[in-house]
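Comments concern the structure below.
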Amino acid sequence: MERSRQLLGRGGRVLVTGATGFIGANVVTALLHLGSVVQITVQSSSDPWRLKHVLPHVETHVASLTDADALGGAFVRARPAVVLHLATPRGRDDAAGARILEATVMGAVHLLRLARQFDVQRLVVAGSSLEYRPSDVALAEDACTEPTTLHGTAKLAATQLYRQAAVETGVPVCVLRFFHVYGPWESRHRLLPSAIRAALAGTPLPLTGGTIARDWVFVADVVDAVLRTAGLHRNGEVINVGSGQEYSNEAIVQCVGDTIGRPVRVVTGAFPRGPTDVAHRRADCSKAARLLGWTPTATLAQGVRQTVDWFDANPAAWSADEDEHPSVV
């Protein structure tokens with residue numbers, strides 16, 4: 001962590017994409033605590049509700065990943081030593097696919113060019129566990145990459161560009177493949193916040209039918225991994241960030257009920273299975289331990305407890321969401 005603190009702390013200049021998103025907001029808060037000079041890129045349509053408590057302390061640049069000129073202007077003004085690329089374009093309408101591909105792949109092209117041009121010392125990129133083919137064994141970084149979703153396909157294409165650039169031109173880039181991240185500032189429509197609301201209101205919770213399990217990793221541990229990667233000396237690495245444990249949807253709901261002291265009645269089969277609803281998905285995190293000195297510290301019970309407490313202290317989060325702004329850039 002010492003090199004990370006040298007780059008990030010005591011006035012280190014950091015540019016964060018995706019800062020208005022769930023993970024990005026947690027990272028920005030941590031950077032400010034370290035003493036970083038934090039710059040963020042946002043779209044004109046972005047809702048910065050997660051950052052209202054820190055907006056006076058960050059410099060904001062309006063720039064989409066697909067707008068090379070605007071993004072270049074942000075780099076001119078920010079002059080970052082470190083770039084944390086945490087933006088993950090999303091969307092659910094018919095046009096979403098094109099937006100996801102363009103922002104993810106062309107965004108990678110633009111960021112790699114700018115990282116070289118401005119002599120960025122470290123580019124840390126948010127990848128995805130959806131880059132892997134589903135498997136019933138722990139997924140190491142050399143596992144088969146046959147994504148079954150457009151999101152995973154776009155992320156994998158970008159990862160290949162980042163790795164190629166690291167080999168060919170020495171760009172100091174690393175990709176972190178996040179598994180199922182949860183915690184404070186999470187989107188209200190996701191399973192954990194939905195289960196918390198159902199427990200508090202005493203209403204039934206609709207669930208997808210069948211066996212579904214994911215690797216749940218607490219956002220504070222993910223932030224720690226991101227910050228540690230800023231100080232990594234190796235380029236082109238792909239590193240898993242997960243808990244190494246998988247939990248079913250029912251186990252998550254049970255943990256919420258136990259934490260709040262109110263059991264949640266579930267309605268199984270209320271939603272059809274989607275391409276991400278697989279029986280198993282968990283990370284082999286041994287590479288992160290070896291290269292970053294990182295291991296997750298929060299148990300599921302601890303993470304759920306902290307998330308419940310956070311939502312209790314931030315009731316406005318129940319009515320705020322980025323769903324109205326499908327591309328979180």
As a test of the formula, what do you get for the chain when each DSSP H run with n ≥ 4 contributes -39,500 (n - 2.57) and the sum is divided by the residue count, at 222 nm and rounded to the nearest 500 deg cm²/dmol? -11500 deg cm²/dmol
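Rank S243, S4, S44 by accessible area, highest first, at a 1.4 Å probe radius? If you can, show how the numbers build up before the last one.
Details: S243 30, S4 5, S44 110 Å².
My answer, sorted largest first, is S44, S243, S4.
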Given the options G72, G236, G209, state which has the largest fluctuation in a GNM of the chain using a 10 Å cut-off (strictly under) for Cα springs. G209
Zone of E2's modelled label, taken as backbone nitrogen in the range 116-155 under 13 Å from a point 7 Å along Cα→Cβ: none
Once amide H atoms are placed 1.01 Å from N in the peptide plane, what residues at a sequence separation of 5 or more from G231, or on another chain, have their amide H within under 5 Å of its amide H? S4
Place a point 7 Å from the Cα of R290 in the direction of its beta carbon; the residues of the range 132-156 whose amide N falls under 11 Å from it are 141-142
Given springs between every Cα pair under 10 Å in a Gaussian network model of the chain, which of V253, V278, V42 has the largest fluctuation? V278
Please give the contour-minus-distance gain from T148 to V109: 0.36 nm per residue of separation, less the Cα-Cα distance, rounded to one decimal in nm. 11.7 nm
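Out of the total accessible area of the range 208-256 (probe 1.4 Å, heavy atoms of protein only), what percent is carbon and sulfur? Could the numbers behind the result be given before it?
Values: 620 of 1430 Å².
Reported share for carbon and sulfur atoms: 43 percent.
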Total charge dipole magnitude, the range 156-290, about the Cα centre, Cβ charges on Lys, Arg, Asp, Glu only, Debye to nearest 20: 140 debye
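The values are calculated or read from the model by the stated rules, or taken from the named source; none is laboratory data. Bear in mind the structure is a predicted one, so any value in this text is a computation, not a measurement. Quick reminder, even Gly has a Cβ in these numbers, built from the backbone with ideal geometry, and neighbours come from all protein chains shown. For the accessible areas, the whole protein counts, side chains as well, though only heavy atoms, and no ligand, DNA or RNA atoms are used. Shrake-Rupley method; radii C 1.70, N 1.55, O 1.52, S 1.80 Å.
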